[in-house]
Amino acid sequence: MALMEHGPMDIDRARMLNSLQLAHVGDTVWDLLVRTRLICQGRNVRNMHKDAIARVNAGAQAKALERLLPVLTEAEQDVARRGKNAHPHHAAPRNQDAIDYHLATGLEALVGYLYLTGQEERLMELFRISQEDT
């Protein structure tokens with residue numbers, strides 16, 4: 001999955017990034033993971049798109065983070081907490097709950113952090129856990 005041009009980022013450097021920067025990358029990585037999973041499950045394009053939208057929204061991402069909280073390390077919890085508490089310069093979309101939106105940002109920040117620091121095995125482990133029962 002290493003799509004980075006210059007290899008993994010140093011953990012200290014990644015911790016210095018703004019949580020919204022991490023979430024920006026994490027949002028795209030999460031979308032890619034979800035869509036890849038759906039293709040591997042044999043979904044056709046119409047169903048895949050509908051299913052992806054259902055799994056890549058604030059409510060679904062908030063639930064995913066809640067499933068992950070018990071298995072996160074202290075450092076991972078810190079990244080997710082910082083993401084959750086970040087203040088975007090816009091309100092949550094009208095069709096999304098504000099609390100879910102903040103939790104989703106926490107998940108996206110965590111995913112971005114793990115991806116940027118090259119912790120792909122851990123990212124995939126957490127993704128699998130987050131998708132149980134879906």
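The values are calculated or read from the model by the stated rules, or taken from the named source; none is laboratory data. Here the structure is a predicted model, which is why all the values come from computation and not from measurement. FYI the Cβ positions are ideal-geometry reconstructions off the backbone, even for glycines, and counts take in every protein chain you see. The accessibility values were calculated without ligands, DNA or RNA, using every heavy atom of the protein model including side chains. Shrake-Rupley method; radii C 1.70, N 1.55, O 1.52, S 1.80 Å.
Return yes when Asp78 is farther than 22 Å from Pro8 by Cα, charged (D, E, K, R) and open to solvent by 10 Å² or more (accessible area, probe 1.4 Å) and no when it is not.
Values: farther than 22 Å from Pro8 by Cα: no; charged (D, E, K, R): yes; open to solvent by 10 Å² or more (accessible area, probe 1.4 Å): yes.
Against the criterion (farther than 22 Å from Pro8 by Cα, charged (D, E, K, R) and open to solvent by 10 Å² or more (accessible area, probe 1.4 Å)), Asp78 does not qualify.
Scanning the stretch 1-47 for residues that are without any contact (Cβ under 8 Å) to a residue 40 or more places away in the chain and polar (S, T, N, Q), which turns out farthest from Arg81 (Cα to Cα)?
Among those residues, the one meeting the criterion is Asn44.
Kindly check whether there is at least one residue in the stretch 121-134 that is more than 12 Å from the chain's Cα centre (by Cα), basic (Lys, Arg) and closer than 26 Å to Glu5 by Cβ.
yes
In the stretch 45-75, which residue that is of a type in the set (S, T, N, Q) and outside any helix (DSSP H, G or I) is surrounded by the most Cβ atoms within 10 Å (Cβ to Cβ)?
Ranking the candidates gives Asn57 first.
Which condition number in (1) touching an Asp or Glu at 6+ places or on another chain (Cβ under 7 Å); (2) part of a helix (DSSP H, G or I); (3) more than 22 Å from Leu116 (Cβ to Cβ) is the one that Asp27 fails?
(3)
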